[in-house]
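S.K.: Please find one structure pasted underneath; my questions will follow.
The values are calculated or read from the model by the stated rules, or taken from the named source; none is laboratory data. Everything quoted here is computed from the prediction, not taken from an experiment. Here Cβ is always computed from backbone atoms with ideal geometry, including for glycine, and neighbour counts include all displayed protein chains.
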């Protein structure tokens, strides 16, 4: 583990040794250890990918050394990797959810599958008040080192949600960190309905209307939620 703290130094040495040659792609912390023989795992195995992800998060300040040590101990004591050890965090987060009163959680596959579920959001203020919006969550086997995959199941006229259900929420993308959790995501989704944002859109038409004509935007939202057309797009009723 001492070598863990010399990764940056070794990366610099590799770069310096390439003087006069083609540029060398900067290796991640995990790749450097793998290439130097610090791991004996298959480079493409699922176990190796998980370990590299955990360690690279550590080098970027996203994971504590304790997390890495716990993972190594778990791996060694069980004679190999088990999906169960990485699901524990996700299951714990779900069992400790502190949802807004306007949100509820549904398990379509039953309580035995806690890694795939739906969240229902019913805003009590703002443009979308009274509507019901369903989001699907698919929790990664390496959560919390990867954000859950979240899509909006309800077709909605919204600047930050496109017609295919993709959601523009920064913590689901570049701002995700292992210290965040499912509860954080749900509050972020709720915030999208109380404070839609025209500056970071997925539905550019809706964003332009919100920016230029909030009254028309409000009218479009009510029409869509009631089950009707906005432009040439039909939205099923969700109120």
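S.K.: With the structure loaded, tell me whether residue 215 is farther than 21 Å from residue 123 by Cα and either surrounded by 17 or more Cβ atoms within 10 Å (Cβ to Cβ) or out of contact with any strand residue (DSSP E or B) (no Cβ under 7 Å at 6 or more places or on another chain) (or both) or whether it fails that test.
M.R.: No.
S.K.: For residue 209, which of the numbered conditions (1) at pLDDT 95 or above; (2) crowded, with 18+ Cβ neighbours inside 10 Å; (3) within 22 Å of the chain's Cα centre (by Cα) fails to hold?
M.R.: So the condition that residue 209 fails would be (3).
S.K.: In the range 122-144, which residues are touching a residue at least 60 places away in the same chain (Cβ under 8 Å) and over 18 Å from the mean Cα position of the chain (by Cα)?
M.R.: 123, 125, 126, 127, 128, 130, 131, 132, 133
S.K.: To continue, here is another question. Checking residue 188 against (1) surrounded by fewer than 20 Cβ atoms within 10 Å (Cβ to Cβ); (2) touching a strand residue (DSSP E or B) at 6+ places or on another chain (Cβ under 6 Å); (3) at pLDDT 95 or above: exactly one of these is not met. Which one?
M.R.: Failing condition for residue 188: (2).
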